[in-house]
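Reviewing the structure listed below.
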Amino acid sequence: MQTTKQLRVGLIGDPVAHSFSPRFQQPAFDALGIPARYELWHTPAKQLVERIRSLCEPDCLGANVTIPHKEAVLPLVDKIDPLAARIGAINTIVHRDDYLHGYNTDALGLLHALHEHGLGEMEMSNNRQHISLRGHTAILLGAGGAARAAAFALVDAGVEQLIILNRHLERARHLAADLLRYYDRPIFSLNDPSFLIPRASSIIINATSLGLHEDISPLPVETLAQFDPDTFIYDMIYNPSQTYLLCQARLMGFNTANGLSMLLHQGAQAFTLWTNQPAPIEIMRKSLM
(Lines give C-alpha, C1' and ligand atoms only; values in the text may rest on other atoms or scores of the structure.)
Protein backbone atom coordinates (compact mmCIF):
# COMPACT_ATOMS: atom_id res chain seq x y z
CA MET A 1 0.00 0.00 0.00
CA GLN A 2 1.84 3.04 -1.30
CA THR A 3 0.53 5.86 0.82
CA THR A 4 1.74 8.25 3.49
CA LYS A 5 -1.75 9.24 4.56
CA GLN A 6 -2.77 8.12 8.04
CA LEU A 7 -5.29 5.30 7.73
CA ARG A 8 -7.77 3.89 10.23
CA VAL A 9 -9.11 0.44 11.01
CA GLY A 10 -10.75 -0.80 14.17
CA LEU A 11 -12.90 -3.20 16.11
CA ILE A 12 -16.66 -2.61 16.26
CA GLY A 13 -18.49 -4.18 19.19
CA ASP A 14 -20.04 -3.75 22.60
CA PRO A 15 -17.90 -4.20 24.67
CA VAL A 16 -14.46 -3.97 23.05
CA ALA A 17 -12.12 -2.85 25.86
CA HIS A 18 -11.15 -6.46 26.64
CA SER A 19 -10.03 -7.23 23.08
CA PHE A 20 -6.52 -8.50 22.32
CA SER A 21 -6.77 -7.49 18.64
CA PRO A 22 -4.72 -4.26 18.91
CA ARG A 23 -1.88 -6.27 20.47
CA PHE A 24 -1.07 -8.00 17.20
CA GLN A 25 -2.74 -5.94 14.47
CA GLN A 26 -0.84 -2.73 15.19
CA PRO A 27 2.60 -4.42 15.13
CA ALA A 28 1.65 -5.97 11.78
CA PHE A 29 0.87 -2.58 10.23
CA ASP A 30 4.05 -1.13 11.71
CA ALA A 31 6.21 -4.01 10.46
CA LEU A 32 5.07 -3.48 6.87
CA GLY A 33 5.34 0.29 7.09
CA ILE A 34 1.62 0.82 6.56
CA PRO A 35 0.55 4.12 8.18
CA ALA A 36 -2.57 2.75 9.84
CA ARG A 37 -3.87 2.83 13.41
CA TYR A 38 -5.89 -0.07 14.80
CA GLU A 39 -8.48 1.33 17.20
CA LEU A 40 -11.21 0.06 19.51
CA TRP A 41 -14.62 1.43 18.52
CA HIS A 42 -17.13 0.81 21.27
CA THR A 43 -20.45 0.82 19.45
CA PRO A 44 -23.85 0.34 21.12
CA ALA A 45 -26.58 -1.01 18.85
CA LYS A 46 -28.21 2.38 18.36
CA GLN A 47 -24.94 3.75 16.93
CA LEU A 48 -24.19 0.84 14.61
CA VAL A 49 -25.56 2.34 11.39
CA GLU A 50 -23.60 5.54 11.93
CA ARG A 51 -20.44 3.57 12.69
CA ILE A 52 -20.74 1.47 9.54
CA ARG A 53 -21.38 4.60 7.50
CA SER A 54 -18.11 6.05 8.83
CA LEU A 55 -16.20 3.15 7.28
CA CYS A 56 -16.84 4.72 3.87
CA GLU A 57 -14.55 7.65 4.67
CA PRO A 58 -11.44 7.75 2.43
CA ASP A 59 -8.98 7.15 5.28
CA CYS A 60 -10.71 4.00 6.56
CA LEU A 61 -9.53 0.52 5.55
CA GLY A 62 -12.45 -1.23 7.22
CA ALA A 63 -13.10 -2.96 10.51
CA ASN A 64 -13.37 -6.11 12.53
CA VAL A 65 -16.81 -6.82 13.99
CA THR A 66 -17.43 -8.66 17.24
CA ILE A 67 -20.39 -9.39 19.51
CA PRO A 68 -23.18 -8.45 19.40
CA HIS A 69 -23.06 -7.04 15.84
CA LYS A 70 -21.83 -9.87 13.58
CA GLU A 71 -25.32 -10.60 12.26
CA ALA A 72 -26.69 -7.06 12.47
CA VAL A 73 -24.11 -5.70 9.99
CA LEU A 74 -25.19 -8.07 7.20
CA PRO A 75 -27.73 -5.66 5.64
CA LEU A 76 -25.43 -2.67 6.19
CA VAL A 77 -22.64 -3.65 3.77
CA ASP A 78 -22.71 -3.49 -0.04
CA LYS A 79 -21.35 -6.93 -0.88
CA ILE A 80 -21.16 -10.14 1.15
CA ASP A 81 -18.66 -12.93 0.57
CA PRO A 82 -20.44 -16.27 -0.11
CA LEU A 83 -18.99 -17.95 2.99
CA ALA A 84 -20.12 -15.09 5.23
CA ALA A 85 -23.57 -15.30 3.64
CA ARG A 86 -23.79 -19.03 4.37
CA ILE A 87 -22.64 -18.56 7.97
CA GLY A 88 -24.96 -15.60 8.42
CA ALA A 89 -22.36 -13.46 10.16
CA ILE A 90 -19.64 -10.96 9.27
CA ASN A 91 -16.54 -10.37 11.35
CA THR A 92 -14.48 -8.36 8.83
CA ILE A 93 -15.50 -5.38 6.69
CA VAL A 94 -13.25 -4.10 3.91
CA HIS A 95 -13.58 -0.64 2.36
CA ARG A 96 -12.63 -1.18 -1.27
CA ASP A 97 -13.48 0.85 -4.39
CA ASP A 98 -16.07 2.91 -2.50
CA TYR A 99 -17.93 -0.24 -1.42
CA LEU A 100 -18.08 -2.09 1.89
CA HIS A 101 -17.38 -5.82 1.52
CA GLY A 102 -18.33 -8.24 4.30
CA TYR A 103 -16.32 -11.38 5.12
CA ASN A 104 -16.13 -14.03 7.82
CA THR A 105 -12.56 -14.99 8.68
CA ASP A 106 -13.51 -16.93 11.82
CA ALA A 107 -14.12 -20.14 9.85
CA LEU A 108 -10.76 -20.21 8.10
CA GLY A 109 -9.08 -18.96 11.27
CA LEU A 110 -10.36 -22.00 13.18
CA LEU A 111 -9.12 -24.43 10.52
CA HIS A 112 -5.66 -22.87 10.46
CA ALA A 113 -5.58 -22.98 14.26
CA LEU A 114 -6.48 -26.68 14.32
CA HIS A 115 -3.88 -27.41 11.66
CA GLU A 116 -1.28 -25.50 13.67
CA HIS A 117 -2.04 -27.83 16.58
CA GLY A 118 -1.35 -30.87 14.41
CA LEU A 119 -4.82 -31.69 13.10
CA GLY A 120 -5.73 -32.29 9.47
CA GLU A 121 -3.77 -32.16 6.24
CA MET A 122 -2.97 -29.24 3.96
CA GLU A 123 -4.11 -30.14 0.44
CA MET A 124 -4.25 -28.40 -2.93
CA SER A 125 -7.57 -27.92 -4.71
CA ASN A 126 -8.06 -25.71 -7.77
CA ASN A 127 -4.57 -24.28 -7.18
CA ARG A 128 -5.54 -23.23 -3.66
CA GLN A 129 -4.51 -24.65 -0.31
CA HIS A 130 -7.25 -26.37 1.62
CA ILE A 131 -7.22 -27.93 5.10
CA SER A 132 -8.79 -31.38 5.24
CA LEU A 133 -10.12 -32.98 8.43
CA ARG A 134 -11.19 -36.21 6.78
CA GLY A 135 -11.27 -39.10 9.22
CA HIS A 136 -12.17 -36.91 12.20
CA THR A 137 -15.42 -36.72 14.15
CA ALA A 138 -16.18 -33.20 15.36
CA ILE A 139 -18.24 -32.52 18.50
CA LEU A 140 -19.32 -28.90 18.51
CA LEU A 141 -20.50 -27.46 21.82
CA GLY A 142 -22.97 -24.66 21.12
CA ALA A 143 -25.19 -23.50 18.28
CA GLY A 144 -24.87 -19.70 18.45
CA GLY A 145 -22.97 -17.26 16.27
CA ALA A 146 -19.48 -18.57 17.10
CA ALA A 147 -20.67 -22.14 16.61
CA ARG A 148 -22.07 -21.36 13.15
CA ALA A 149 -18.69 -20.23 11.86
CA ALA A 150 -17.04 -23.30 13.39
CA ALA A 151 -19.67 -25.63 11.95
CA PHE A 152 -19.30 -24.36 8.39
CA ALA A 153 -15.51 -24.56 8.74
CA LEU A 154 -15.72 -28.17 9.88
CA VAL A 155 -18.02 -29.33 7.10
CA ASP A 156 -15.94 -27.50 4.50
CA ALA A 157 -12.93 -29.40 5.85
CA GLY A 158 -14.74 -32.70 5.26
CA VAL A 159 -15.11 -34.13 8.78
CA GLU A 160 -16.57 -37.62 8.74
CA GLN A 161 -19.44 -36.56 10.95
CA LEU A 162 -20.49 -33.56 12.99
CA ILE A 163 -22.28 -33.70 16.33
CA ILE A 164 -23.85 -30.46 17.58
CA LEU A 165 -24.48 -30.42 21.31
CA ASN A 166 -26.59 -27.52 22.57
CA ARG A 167 -28.89 -27.19 25.56
CA HIS A 168 -31.64 -25.86 23.29
CA LEU A 169 -32.17 -28.74 20.87
CA GLU A 170 -34.15 -26.67 18.37
CA ARG A 171 -31.20 -24.33 17.81
CA ALA A 172 -28.92 -27.29 17.15
CA ARG A 173 -31.42 -28.72 14.68
CA HIS A 174 -31.76 -25.38 12.92
CA LEU A 175 -27.99 -25.15 12.48
CA ALA A 176 -27.85 -28.74 11.26
CA ALA A 177 -30.55 -28.02 8.67
CA ASP A 178 -28.57 -25.05 7.34
CA LEU A 179 -25.42 -27.17 7.10
CA LEU A 180 -27.12 -30.04 5.29
CA ARG A 181 -27.71 -27.75 2.30
CA TYR A 182 -23.94 -27.97 1.67
CA TYR A 183 -22.93 -31.26 3.30
CA ASP A 184 -23.99 -34.85 2.67
CA ARG A 185 -22.44 -36.61 5.67
CA PRO A 186 -24.05 -37.33 9.06
CA ILE A 187 -24.94 -34.45 11.36
CA PHE A 188 -26.43 -35.20 14.75
CA SER A 189 -28.18 -32.76 17.08
CA LEU A 190 -28.16 -33.40 20.82
CA ASN A 191 -29.09 -31.55 23.99
CA ASP A 192 -27.91 -34.22 26.44
CA PRO A 193 -24.17 -35.03 26.62
CA SER A 194 -24.94 -38.48 28.03
CA PHE A 195 -26.07 -39.46 24.52
CA LEU A 196 -22.60 -38.83 23.08
CA ILE A 197 -20.90 -41.94 21.73
CA PRO A 198 -17.13 -41.34 21.80
CA ARG A 199 -15.26 -42.17 18.60
CA ALA A 200 -11.62 -42.31 17.67
CA SER A 201 -10.00 -39.18 16.21
CA SER A 202 -12.51 -36.85 17.82
CA ILE A 203 -12.19 -33.08 18.01
CA ILE A 204 -14.23 -31.35 20.71
CA ILE A 205 -14.71 -27.61 20.15
CA ASN A 206 -16.29 -25.33 22.73
CA ALA A 207 -18.09 -22.48 20.97
CA THR A 208 -20.12 -21.45 24.02
CA SER A 209 -19.33 -18.78 26.60
CA LEU A 210 -19.34 -21.34 29.44
CA GLY A 211 -16.05 -20.96 31.25
CA LEU A 212 -15.63 -17.32 30.31
CA HIS A 213 -16.53 -15.92 33.72
CA GLU A 214 -17.04 -18.93 35.98
CA ASP A 215 -15.57 -22.36 36.69
CA ILE A 216 -18.21 -24.12 34.64
CA SER A 217 -17.61 -26.69 31.90
CA PRO A 218 -19.96 -27.26 28.95
CA LEU A 219 -19.12 -30.97 29.12
CA PRO A 220 -19.47 -33.09 32.28
CA VAL A 221 -16.24 -34.67 33.47
CA GLU A 222 -17.78 -38.15 33.35
CA THR A 223 -18.60 -37.66 29.66
CA LEU A 224 -15.14 -36.33 28.84
CA ALA A 225 -13.55 -39.30 30.57
CA GLN A 226 -15.13 -41.69 28.05
CA PHE A 227 -13.24 -40.27 25.05
CA ASP A 228 -10.15 -41.87 23.54
CA PRO A 229 -6.72 -40.48 24.46
CA ASP A 230 -6.23 -39.11 20.92
CA THR A 231 -9.18 -36.70 21.35
CA PHE A 232 -8.26 -33.04 20.92
CA ILE A 233 -10.12 -30.38 22.94
CA TYR A 234 -10.22 -26.82 21.62
CA ASP A 235 -11.85 -23.98 23.55
CA MET A 236 -12.55 -20.88 21.46
CA ILE A 237 -12.31 -18.78 24.65
CA TYR A 238 -8.85 -17.21 24.97
CA ASN A 239 -9.30 -15.06 28.08
CA PRO A 240 -8.99 -16.73 30.56
CA SER A 241 -6.31 -18.85 28.91
CA GLN A 242 -7.29 -21.96 30.87
CA THR A 243 -11.01 -22.56 31.18
CA TYR A 244 -12.49 -25.21 33.44
CA LEU A 245 -13.00 -27.46 30.41
CA LEU A 246 -9.34 -27.20 29.42
CA CYS A 247 -8.16 -27.76 32.99
CA GLN A 248 -10.27 -30.92 33.25
CA ALA A 249 -9.05 -32.17 29.88
CA ARG A 250 -5.39 -31.55 30.66
CA LEU A 251 -5.67 -33.42 33.96
CA MET A 252 -7.03 -36.37 32.00
CA GLY A 253 -4.09 -36.26 29.60
CA PHE A 254 -5.83 -34.88 26.51
CA ASN A 255 -4.16 -32.48 24.09
CA THR A 256 -5.78 -29.07 24.40
CA ALA A 257 -5.58 -25.49 23.17
CA ASN A 258 -7.37 -22.22 23.82
CA GLY A 259 -8.71 -19.73 21.29
CA LEU A 260 -5.61 -17.53 20.95
CA SER A 261 -4.49 -19.40 17.84
CA MET A 262 -7.88 -18.87 16.22
CA LEU A 263 -7.77 -15.17 17.12
CA LEU A 264 -4.35 -14.93 15.50
CA HIS A 265 -5.29 -16.66 12.26
CA GLN A 266 -8.64 -14.95 11.77
CA GLY A 267 -6.86 -11.64 12.38
CA ALA A 268 -4.17 -12.49 9.86
CA GLN A 269 -6.84 -13.23 7.24
CA ALA A 270 -8.50 -9.88 7.99
CA PHE A 271 -5.17 -8.06 7.70
CA THR A 272 -4.62 -9.51 4.23
CA LEU A 273 -8.11 -8.50 3.15
CA TRP A 274 -7.55 -4.90 4.28
CA THR A 275 -4.06 -4.51 2.82
CA ASN A 276 -3.88 -7.04 -0.04
CA GLN A 277 -0.55 -8.14 1.46
CA PRO A 278 0.46 -11.36 3.26
CA ALA A 279 0.13 -10.89 7.00
CA PRO A 280 3.42 -10.98 8.94
CA ILE A 281 2.14 -13.94 10.93
CA GLU A 282 5.22 -14.53 13.08
CA ILE A 283 5.36 -10.88 14.15
CA MET A 284 1.67 -11.05 14.98
CA ARG A 285 2.15 -14.29 16.89
CA LYS A 286 5.04 -12.93 18.93
CA SER A 287 3.06 -9.82 19.81
CA LEU A 288 -0.02 -11.80 20.82
CA MET A 289 1.41 -14.81 22.60
**Study point:** Residue among R171, R250 that is more than 21 Å from the chain's Cα centre (by Cα) and basic (K, R)
**Key:** R250
Review point. Got at least one residue in region 196-203 being at negative phi and in a helix (DSSP H, G or I)?
Key: no
Practice item. Return only the number of the condition from (1) open to solvent by 60 Å² or more (accessible area, probe 1.4 Å); (2) at positive phi; (3) in contact (Cβ under 8 Å) with a residue 12 or more places away in the chain that N191 does not satisfy. Key: (2)
Review point. Which members of region 66-114 meet the condition of being closer than 22 Å to L180 by Cα, among the β-branched types (V, I, T) and surrounded by fewer than 23 Cβ atoms within 10 Å (Cβ to Cβ)?
Key: I80
Practice item. Return the total of residues in region 203-226 being among the polar types (S, T, N, Q) and farther than 21 Å from G109 by Cβ. Key: 3
Point to revise | Filter result for S241 (small (G, A, S), surrounded by fewer than 16 Cβ atoms within 10 Å (Cβ to Cβ) and farther than 30 Å from L74 by Cα) | key: yes
Review point. Would you pick out the residues in region 119-165 that are of a type in the set (D, E) and in contact with a His (Cβ under 7 Å, 6 or more places away or on another chain)?
Key: E123, E160
**Study point:** Matching entry among G118, G211, G158, G135 (being part of a loop (DSSP other than H, G, I, E, B), open to solvent by 60 Å² or more (accessible area, probe 1.4 Å), at positive phi and not polar (S, T, N, Q))
**Key:** G118
Check your understanding: Can you name the strands (runs of 3 or more DSSP E) wholly within region 1-103 that have at least 2 residues being at pLDDT 95 or above and closer than 20 Å to G259 by Cα?
Key -> 7-13, 60-65
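The values are calculated or read from the model by the stated rules, or taken from the named source; none is laboratory data. This is a predicted model, so every value here is computed, not measured. FYI the Cβ positions are ideal-geometry reconstructions off the backbone, even for glycines, and counts take in every protein chain you see. For accessibility, only protein heavy atoms count, side chains too; no ligands or nucleic acids. Shrake-Rupley method; radii C 1.70, N 1.55, O 1.52, S 1.80 Å.
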